[in-house]
Amino acid sequence: MVISQEVDESDDIFENVLQNIVDHILVDEELPLYTSIYEVLDRWHNFFKKKWDAKLSEEEEAGLFGELYYINKWLEIFPSDPPLIINDWKGPLRFRIDFVRKKSGIEIKTLSPKIRDEVKISSEKQLELNPVINELFLYVLKIEKNDTVGCTLENITKSIEEKLIKKAPSLAVKFREILLFNNIKVDEYNSNYFLCMKN
């Protein structure tokens with residue numbers, strides 16, 4: 001099999017595709033090679049069919065930071081548990097609730113005086129309980145954005161990846177894919193620093 005790049009200006013994407021294939025070959029040892037590669041290429045095919053918006057707004061960036069902060073804290077608080085929090089993470093997938101496990105949901109909200117100083121609920125349905133989710137928790141994180149102190153999306157993502165690689169390489173691959181297939185290039189978000197004031 002030969003994989004080649006036709007457009008010279010797309011080195012980053014091409015490298016991401018190749019890295020994604022290699023990651024899956026290494027962690028999907030029980031799958032036949034053809035199946036593993038086919039599934040990866042199929043996901044990339046769907047990725048390229050989508051029309052993507054511009055970069056995240058400052059408010060969206062703060063919201064994603066809140067979700068990543070929650071994952072990072074969970075990994076620190078439960079170091080001996082399997083990091084199944086990655087399987088529970090639905091935020092970037094446009095689900096109604098950010099984290100869902102069994103019949104419980106956790107909605108993450110970030111408050112920043114410079115961006116928003118109140119919890120924003122997109123609609124009453126966001127907090128609605130139903131037979132699928134019959135328990136819902138609200139996790140509010142108060143943050144401050146600045147230019148020098150705190151953590152960027154890039155920093156916190158690297159911290160999460162390091163922890164996942166040690167504990168569950170397959171979930172580290174899944175974590176990268178969630179960001180990648182939702183066109184969230186965290187290396188582009190390294191100028192806004194978020195500092196937790198209260199959590």
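Rule-based calculations on the coordinates, nothing more; no lab input. Worth saying up front: this structure is predicted, and the values here are computed from it rather than measured. All Cβ positions, glycine included, derive from the backbone under ideal geometry; neighbour counts span all protein chains shown.
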Quick one: angle between helix 58-77 and the longest Cα principal axis of the chain, in degrees between 0 and 90, rounded to 10, please. 80 degrees
Which part of region 54-75 falls in the paramagnetic zone of residue 195, meaning amide N under 14 Å from the point 7 Å along Cα-to-beta-carbon? none
Each label point is 7 Å from the Cα along the Cα-to-Cβ direction; what then is the distance between the points at residue 130 and residue 101, in nm? 2.3 nm
Scan around residue 141 for amide H atoms under 5 Å from its own, H built in the peptide plane at 1.01 Å from N, and keep only partners 5 or more places away or cross-chain. 109, 110, 111
As a check on your grasp of the helix formula, calculate [θ] at 222 nm for the chain: sum -39500 (n - 2.57) over DSSP H runs of n ≥ 4, divide by the residue count, round to the nearest 500. -14000 deg cm²/dmol
Would you calculate the separation in nanometres between label points at residue 78 and residue 59, each defined as 7 Å from the Cα along the Cα-to-beta-carbon direction? 3.1 nm
Would you mind ranking 139, 69, 34 so that the residue whose beta carbon has the fewest other beta carbons within 10 Å leads the list? 34, 139, 69
Taking r as the C-beta separation of residue 38 and residue 158 and R0 as 22 Å, the FRET efficiency to the nearest 0.05 is 0.15
On a 0 to 90° scale, report how tilted helix 33-49 is relative to the longest principal axis of the chain, with both axes built from alpha carbons and the result rounded to the nearest 10. 60 degrees
Anything over 32 Å Cα to Cα? Flag those among 55/166; 49/142; 142/185; 103/167; 103/145, in the order listed. 49/142; 103/145
What's the angle, to the nearest 10 degrees (0 to 90), between helix 153-167's Cα axis and the longest principal axis of the chain? 70 degrees
Apply 1/(1 + (r/R0)^6) to the Cβ-Cβ distance of residue 147 and residue 12, taking R0 = 25 Å, and write down the FRET efficiency to the nearest 0.05. 0.50
